Amino acid sequence: MDDDISASGLWSLFAAASDDHFWLMSDPLTYAQANKAHASYFSIGEKKFEHANVYDLFEQTNCDLARIDYDAPFKGQTTKFERWYNNNHGMLRLLEITLKPIKDPEKKKIIYVAGFARDITDLKQKQNEMEYYSFHDFLTNLYNRRYFEQRIEELDQPQNYPLTVFMMDVNGLKLINDTYGHQTGDMALKRIASILTMTFKDHDIVARIGGDEFAVLLLRREETEVALLKKQLLALIEDAKIVNIIRQGRFV
């Protein structure tokens, strides 16, 4: 008895065991087959995908998209894109999808389009977090020094003048940390960050540029408005308290 497994047999075993999605389309709206992962994701039996029209399996919106998605692959072009779909638990997940034409080696004619998909929701979230914290301070969620300096350089253009920069530090942060602990010191920094975000507008650039240092960049603001903002900010900071310790800021 021959123990060898054919290439098609190996493919079937691999497709069945894989957590990634595999499927074949015989035309833009008709499945030829799909593996278990693909079927399970949508809570549809594997057998139902065999020679099935997409309109019999999915909501109309997804089917209308499929008509567009498969146009290029059935013309010989490999495509890759990302799309959100609800999984079998009703959770919205992001799939990275690749559609690749398969040609008959003799007739040089496209006979199928192979679909491959993998869930990249968690990976994308980690990438977004890494990107976010490359420009944000982890403790306060304000922009960090790197971003602040980059934006000053980019925005130092005549059309943005006058540019105004507020610089401030938290007096006695080391003493607070040494006396009451770093947790209290962190609370003080977060409180200052909260005051800054309340005082300035969304398009203003508010950053923590050092351990106890903060900075704000304003574009095209008149001197009277800047003076009023400074007055408001000083008043809020003078009144700020963390566990009954008065925090004061100093402009430099």
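The values are calculated or read from the model by the stated rules, or taken from the named source; none is laboratory data. This structure is a prediction, so every number in the text was calculated from the model and none was measured. Cβ: placed from backbone, ideal geometry, glycine included. Neighbour counts: every protein chain shown.
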**OP:** Run L175 past the list (1) surrounded by 14 or more Cβ atoms within 10 Å (Cβ to Cβ); (2) at negative phi and report the number of the one that doesn't hold.
**Re:** (1)
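Quick check on segment 136-158. Is at least one of its residues over 27 Å from Q232 (Cβ atoms), touching a Lys or Arg at 6+ places or on another chain (Cβ under 6 Å) and among the acidic types (D, E)?
So far as segment 136-158 goes, no, none of its residues is over 27 Å from Q232 (Cβ atoms), touching a Lys or Arg at 6+ places or on another chain (Cβ under 6 Å) and among the acidic types (D, E).
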Original post:
Going through segment 208-236 one residue at a time, which ones are closer than 17 Å to L142 by Cβ and in contact with a Ser or Thr (Cβ under 9 Å, 6 or more places away or on another chain)?
Top reply: R208, F214, V216, L217, L218, L229, L233, L236
Original post:
In segment 123-137, is there at least one residue being in contact (Cβ under 8 Å) with a residue 60 or more places away in the chain and at negative phi?
Top reply: yes
**OP:** Please tell me if G90 is in contact (Cβ under 8 Å) with a residue 60 or more places away in the chain and under 21 Å from A39 (Cβ atoms).
**Re:** no
**OP:** For A188, state whether it is touching a Ser or Thr at 6+ places or on another chain (Cβ under 6 Å), part of a helix (DSSP H, G or I) and either assigned by TED's automatic domain parsing to the domain that holds L228 or of a type outside the set (D, E) (or both).
**Re:** no
**OP:** Specify the residue that is modelled with the highest pLDDT; the eligible residues are those in segment 1-27 that are surrounded by 13 or more Cβ atoms within 10 Å (Cβ to Cβ) and part of a loop (DSSP other than H, G, I, E, B).
**Re:** D20
Subject >> Any pair with Cβ under 7 angstrom, 6 or more apart, that starts in segment 156-176 at a residue that is in contact (Cβ under 8 Å) with a residue 40 or more places away in the chain and ends at one that is among the acidic types (D, E) and not in a strand (DSSP E or B) >> reply: L163/D156; D169/D212; V170/D212
**OP:** Tell me which residues, restricted to segment 28-58, are within 18 Å of L95 (Cα to Cα) and part of a strand (DSSP E or B).
**Re:** A34
